[in-house]
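Notes to accompany the following structure.
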Amino acid sequence: MEEQDMPVVIHNNQNLEKLIEKRIINREESNLLFLKKAYYPQSYIEELSRFGFSQDEIYRYLFSNYSEDKDLHKRPLSKLIKDISTELGIVWWNKSEA
């Protein structure tokens with residue numbers, strides 16, 4: 001086997017542990033988002049809106065995170081949560097509507 005064909009090996013156990021932790025955390029966050037989709041149907045979200053909450057306030061309540069791209073750096077996993085929640089259809093509005 002030539003050197004270019006050899007698999008990449010992580011020599012530092014700390015790096016490997018960090019990668020494993022990130023995968024577990026991401027899986028847990030994904031599972032929580034699936035639960036939130038089940039617990040917070042569209043009718044509930046619309047009801048919050050009728051009570052006068054803004055879309056950003058509803059998002060913060062549901063996900064305990066920021067929805068604006070400029071603020072994603074403020075909380076860990078904000079981008080991941082935003083991307084998954086958008087893909088699941090939990091985030092229903094278009095930012096141009098906000």
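Descriptive notes on the structure:
- Neighbourhood charge, 14 Å Cβ-Cβ cut-off, centred on residue 53 and excluding it, Lys, Arg +1 and Asp, Glu -1: -2
- For the range 25-67: rounded, prolate or oblate by the Cα gyration tensor [a/c cutoff 1.5]: oblate
- Cβ-based net charge around residue 34, under 12 Å, with every Lys or Arg adding one and every Asp or Glu removing one: 0
Read-outs throughout are calculated quantities, based only on the coordinates presented, and are distinct from any laboratory measurement. It should be emphasised that the depicted structure is a prediction, and the values quoted were computed from it without experimental measurement. Here the Cβ is made from the backbone with ideal geometry for all residues, glycine too, and neighbour counts use every protein chain on show.
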